[in-house]
Amino acid sequence: MTERYAVTVTAGSLTSADEPTARFPHRWTAGGVSVTAAFTGAHLLHLATAGCVLNDVYREAAELGLAVEGVRVDASGDFDVESWRSTGVEYTVQVDTAATADELANLLARVDAVAEIPRAIRAGAPVRRVAAEDRWLDYCLDKPGAWRDEPWEDDVVAKVGPAGTGKIFAFLGLHGVAPSIGLKCGNREEADLLLERYPAAASRMPYLGQHGWNSIQLDGTVPEDEVRELIDASYAMVVAKLPRSHRPA
């Protein structure tokens, strides 16, 4: 029999009685979401679909004013054995609700139309590996007036301001097992707070450390959302020091 890489997610009154593989907190239900799935890439792809659909049932039901007591989503699919291209993902949805059949059909149609992960899979997208420092460099360069420079060999930095007079707001030239990013984190007292929270992942930068610059390891210890906030803050502090005529519009 062909492997279908089946997964199940349940919540509320339809929570599975079987021991789940994992259970996660859930904004829509006090008991969380129960997940039954193997830990393979194929199962996780289908799990993303099922989890998104379950969440969107609750979200769209709230928008429509429908009470939902429980949801179960089963998802599965197959892959071409030579290319490992997905041949499609199918899912079924059970909803415990007092809504009429027409209301339930309308709810599920809305979910089919808006569920983000199924839409992303249908649309397709390139998937590639990138070095952590390159991904963060792209984030830096998306900022207004930001540009890449390499003032020293193998030291890539992100600057803001006119060419020739721009100022560095991020150092991204350190490559290796655990690449890092250098950022302005306020004055030295403010910058030390980050070192206290992440002693194994944050340190003073050489030479610039006395001015509030820290080096942050990009190994996952510091959450990605916080890295983004630190980059945003460093950029804002450097821009604020530029002459007004040199600041991005």
Next on the checklist: Based on this model, can you work out whether THR49 counts as at pLDDT 95 or above and surrounded by 12 or more Cβ atoms within 10 Å (Cβ to Cβ)?
Outcome noted: yes
Item to check | Scope segment 1-32; condition farther than 27 Å from THR87 by Cβ, among the basic types (Lys, Arg) and surrounded by 13 or more Cβ atoms within 10 Å (Cβ to Cβ); matching residues | outcome: ARG23
Next on the checklist: On the basis of being in a loop (DSSP other than H, G, I, E, B) and not assigned by TED's automatic domain parsing to the domain that holds GLY41, does ALA170 make the cut?
Outcome noted: no
Item to check | Neighbours by Cβ (under 8 Å, 6+ apart or cross-chain): first from segment 119-134, over 23 Å from LEU172 (Cα atoms); second of a type in the set (S, T, N, Q) | outcome: ILE121/THR49; ILE121/SER86
Item to check | The lone exception for PRO151 - which of (1) part of a strand (DSSP E or B); (2) touching a Phe, Trp or Tyr at 6+ places or on another chain (Cβ under 6 Å) it fails | outcome: (2)
Item to check | Residue identified as within 18 Å of ILE121 (Cα to Cα) and modelled with pLDDT of 90 or more among THR40, THR87, THR36 | outcome: THR40
Checklist outcome for this item: Counting only residues in segment 1-38 that are part of a loop (DSSP other than H, G, I, E, B) and among the hydroxyl-bearing types (Ser, Thr, Tyr), the one farthest from GLN94 (Cα to Cα) is identified as THR2
Next on the checklist: Contact list please: Cβ distance under 8 Å, first residue in segment 11-22 and assigned by TED's automatic domain parsing to the domain that holds VAL35, second residue among the aromatic types (Phe, Trp, Tyr) and not in a loop (DSSP other than H, G, I, E, B), pairs at least six apart or on different chains.
Outcome noted: ALA11/TYR58
Next on the checklist: Tally up the residues in segment 93-120 that are surrounded by fewer than 12 Cβ atoms within 10 Å (Cβ to Cβ) and more than 24 Å from the chain's Cα centre (by Cα), please.
Outcome noted: 6
Checklist outcome for this item: Filtering segment 201-216 down to residues that are over 24 Å from the mean Cα position of the chain (by Cα), farther than 10 Å from ARG188 by Cβ and surrounded by 18 or more Cβ atoms within 10 Å (Cβ to Cβ) yields MET205
Checklist entry - GLU63 fails exactly one of the following numbered conditions: (1) outside any strand (DSSP E or B); (2) surrounded by 13 or more Cβ atoms within 10 Å (Cβ to Cβ); (3) not hydrophobic (A, V, I, L, M, F, W, C). What is the number of that condition? => result (2)
Checklist entry - For segment 108-148, which residues satisfy the criterion of being part of a loop (DSSP other than H, G, I, E, B) and not aliphatic (A, V, I, L, M)? => result GLY124, PRO126, ARG128, ARG129, ASP142, LYS143, PRO144, GLY145
Checklist entry - Within segment 187-196, which residues are touching a helix residue (DSSP H, G or I) at 6+ places or on another chain (Cβ under 9 Å) and surrounded by fewer than 17 Cβ atoms within 10 Å (Cβ to Cβ)? => result ASN187, ARG188
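The values are calculated or read from the model by the stated rules, or taken from the named source; none is laboratory data. None of the values given here were measured: they were computed from a predicted structure. Here Cβ is always computed from backbone atoms with ideal geometry, including for glycine, and neighbour counts include all displayed protein chains.
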